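Below you'll find the structure, written out as structure tokens, and then a few comments.
The values are calculated or read from the model by the stated rules, or taken from the named source; none is laboratory data. All figures in this text were calculated on a predicted structure; none of them were measured in a lab. Virtual Cβ from ideal backbone geometry, glycine too; neighbours counted across all protein chains shown.
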Amino acid sequence: MKRFLLCVHALMFFTGCAQIISYKMPIRYDYRPYTKSEKLIHKRVERFLLKCYRERRPVAILPQTRITKVRYDNQKRQIDVYLNGYFAYQPFREDNTTAIYAALRRALGWRFRQASLTIYCLNQPIEQLIPNYYRSDKQKLDTARLPRPAPAIAPLVRNLSKPFQPTIGLNGRNIALWHSHGWYYSQKMQRWEWQRPRLFQTVEDLLPTAFVLPYILPMLENAGGMAFLPRERDLQMHEVIVDNDNPTQGGFYCEIVNQPESVWQSGAQPGFGIGEPPYGIGENPFLAGTYRYAAVSSTPTAECNWTPEIPETGSYAVYIAYQRAANAVDDAHYTVFHSGGETEFLVNQQIGGATWIYLGTFHFNKGQNQSQGSVRLTNQSAQTGRIITADAVRFGGGMGNVERAGTVSGRPRYTEAARYYLQYAGMPDTLIFSLNNENNDYNDDYQSRGEWVNYLRGAPYGPNKNRQHAGLGIPVDASIAFHTDDGRPVGYAGARRDRI
């Protein structure tokens, strides 16, 4: 049995399921800045923390918990105890906060029985760290945490052909969701590799994909929500792009005008352009081309058609690109023609834009077939005096096409890390995914996901480097990161993550 337990502990250590804590309590403090009373208080708080660590009551704390400062005002009889951020690794609730104060008062002793006591963590009294949801007195809610009322806007994408239209649940809600890490380029190893080690026939870079794409995404969308991902969501390895700048490449793009006042024109700002992939440092395909626009009408008097040359029969995600504009409509009318029929959408072009916007995944037959394999946008709108904009349409997920050190990943795009998809999707590099001088794709990847959410929302919650950036103007209601245990050993400094 002893040998078995040793084997179990060894396995837990090397798979990252357990951690060996090397920190020790108590530690030596510098008492020189303190008065005699403050030194006494400090020592009693030390004993209090040591008891919490050893006996796990009134709360269990991490061994890294430290006192950062103690203040005692003898005239006001006020004690302020400041603890470091590790003390906040526990969830604060009214009951355990009350217990913490009561236990520390007992530890301070009879001498300080008349003194007021405030315990600070993260530079706030710990009672202020209780979430509003768990506060019994609703008159004491932290208003800074309450969401600001957002202006009512039309959803980014509305599927008019759905057999049901949710009215509650997640209806009208936008969820930013990402599924872990991905295949990336290691500047240190000078090769493409997984961010996480192989474990039990898989890697964390792939395993969450098996939960998110086939299960979580449909669940959220069937409940009425719209999900945004910083990684490719389509497993289809083929990709076809039809664009106004190259109307016969990948299929054909055409415009139809029935009224002179509805003529299509080129916009003044850049749009998507395929250019010459793979894309290197600083290359943004959404700044490499043009887009088109036309005046709207109550009846369809102009339209665009994108008809791809489908390389192989199968299912393909359909993404649209357009230019966001203040005078654009919130009901741009798109129709996807596929082998199963027609699916109609309304798209709010007042938000989003200059990136890939997902409409849905559809079945297409091989070859060109406009009636069963195309996308159409008309200028019909319920609004007047406005415009619609049109740019590229993408079919399928494709292969990675971002270059690092002269090479591409050689993998389907859905396996790649978010950092590369965000470049392909038109995100601004220095704000979102190029935060380490192009020297550390690993850090760029995990840092880019949160900045991407900020960019979706835009001012005043834009990326940290520019909080007032307009972004995409999409109100994000929830941000969810779905990860699994990566199995890293303690002290992990770079294990082999060879190709599988």
Reported set for the stretch 50-88 where residues are within 17 Å of GLN124 (Cβ to Cβ), of a type in the set (S, T, N, Q) and surrounded by fewer than 15 Cβ atoms within 10 Å (Cβ to Cβ) is THR68, GLN78
Taking the stretch 104-120 and keeping only residues that are among the basic types (Lys, Arg) and not in a helix (DSSP H, G or I), one is left with ARG113
In the stretch 121-157, anything in a helix (DSSP H, G or I) and either over 28 Å from the mean Cα position of the chain (by Cα) or touching a residue at least 60 places away in the same chain (Cβ under 8 Å) (or both) is listed as ILE126, GLU127, LYS138, GLN139, LYS140
Residue set ALA425, ALA405; condition among the aliphatic types (A, V, I, L, M), closer than 12 Å to ILE281 by Cα and either without any contact (Cβ under 8 Å) to a residue 12 or more places away in the chain or not assigned by TED's automatic domain parsing to the domain that holds PHE252 (or both); output residue ALA405
**Asked** Do we have THR98 as modelled with pLDDT of 95 or more and β-branched (Val, Ile, Thr) here?
**Response** yes
Review point. Do we find a residue being touching a Cys at 6+ places or on another chain (Cβ under 9 Å), touching a residue at least 12 places away in the same chain (Cβ under 8 Å) and not assigned by TED's automatic domain parsing to the domain that holds THR335 anywhere in the stretch 182-204?
Key: no
query: When you look at PRO91, is it closer than 20 Å to TYR53 by Cβ and exposed (fewer than 14 other Cβ atoms within 10 Å of the Cβ), yes or no?
result: yes
The strands (runs of 3 or more DSSP E) lying entirely within the stretch 280-395 that contain at least 2 residues which are modelled with pLDDT under 95 are none
Scanning the stretch 428-471 residue by residue, those touching a residue at least 24 places away in the same chain (Cβ under 8 Å), assigned to a loop (DSSP other than H, G, I, E, B) and buried (at least 23 other Cβ atoms within 10 Å of the Cβ) turn out to be PRO463
With criteria (1) out of contact with any Leu (no Cβ under 8 Å at 6 or more places or on another chain); (2) outside the structural domain of PRO247 (by TED's automatic domain parsing); (3) surrounded by 18 or more Cβ atoms within 10 Å (Cβ to Cβ); (4) without any contact (Cβ under 8 Å) to a residue 60 or more places away in the chain, PHE364 comes up short on (2)
Of the residues in the stretch 82-103, those that are touching a residue at least 12 places away in the same chain (Cβ under 8 Å), assigned to a helix (DSSP H, G or I) and not aromatic (Phe, Trp, Tyr) come to GLY85, ALA88, GLU94, ASN96, THR97, ALA99, ILE100, ALA102, ALA103
